[in-house]
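Each value in this text was obtained by applying a stated rule to the coordinates, not by laboratory testing. These figures come from a predicted structure and were not determined experimentally. Heads up, the Cβs are rebuilt from the backbone with ideal geometry, glycines too, and the neighbour counts pull from every protein chain shown.
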Amino acid sequence: MAFRTSHLLGLLFFFLLIINQISFITTTNFRVGVILKPTFLHVPDFREAPAFRNGRDCGSSATDRIHVAMTLDANYLRGTMAAVLSILQHSTCPEDVMFHFLCVRHEPVVFSSIKSTFPYLNFKLYKFDVHRVRGLISKSIRQALDQPLNYARIYLPDLIPIDVKRVIYLDSDIVIVDDIVKLWRVDLGDKVLAAPEYCQANFTTYFTSTFWDDSELPKTFDGRKPCYFNTGVMIVDVDKWRCGNYTQKVEDWMIVQKQKRIYHLGSLPPFLLTLAGDITPVDHRWNQHGLGGDNIEGKCRSLHPGPISLLHWSGKGKPWLRLDSRKPCTVDHLWAPYDLYRSSRHSFEE
């Protein structure tokens, strides 16, 4: 009888190894327990991008560097790869571009994916401590806007090296179809930040009636002519941000939001409360925005008239998801040539 029991346990052990779904533990008295295998991060498989080299007139010193910061999220990695490719492909001096990637944890598989896709890329990874912001996040109209990494841009000057004086921050759902050096050279004047500004937008809609009906809160805009600006494309004077303690100023508004519910849209409104009407406007060609539709349904939208240097799929709809679902919007085909996802069939290469 003992032989049969041990024999059966041996067969069970062998079977569990074959299906490779659970780990097996035995204790005395022939009790058997199981532990579920940990969930491993799935990262898409990307093709290796071409090597992009500097032109003859490019500089070679550290002062010639163009610093670009982006967040690095496994769910948006496909978008990030396309954005990086577009920047390098249209840059006169691609080797002068230094990428600063912000992530919530160091995932070796993500790091390896970047290295294998862009073997010659100049980049650094920075871990963003989500505990710094988690208690400040309020529920917004779309779950993706509530992710801690969406707030990392507020802390960007605290994360990147002290010798970086200026940085371009870009969302992961963009592609650039112009030389990024033109955006880099935008004159900020005495302002801490430059971004595409939209004064024709109804600014009041970005805040609740609780905000506008308050006797004190709207006074924050006294002396300013506030306009909506998009925080997915920004040039930041890092020294001015640090010296002006702007991270704390944005956080202060997030604390007010927790108390009074003065807005609905993630990390954008506290930026507007802090800086709207006090930034350097950037030409709208650098943010052909809203291509992802609204924040609720993500319906298709057409391009705005005028020249284009940057395409931005802000909104709920993302081009890689719509292309994979075989229900793309027309504008998604403008993103497709930069898609390095190995299984995709809509790139120039194929």
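Values for this structure:
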{"item": "Relative packing of 323-334, 147-158, which averages over residues the other C-beta atoms within 10 Å, highest first", "result": "147-158, 323-334"}
{"item": "Ranked packing of 99-105, 52-58, 161-167, most packed first, by mean Cβ within 10 Å", "result": "99-105, 161-167, 52-58"}
{"item": "Long-range HN-HN contacts of Y263 with modeled amide H, under 5 Å", "result": "T208"}
{"item": "Per-peptide average of other Cβ atoms within 10 Å, ordering 256-263, 206-213, 218-225 highest first", "result": "256-263, 206-213, 218-225"}
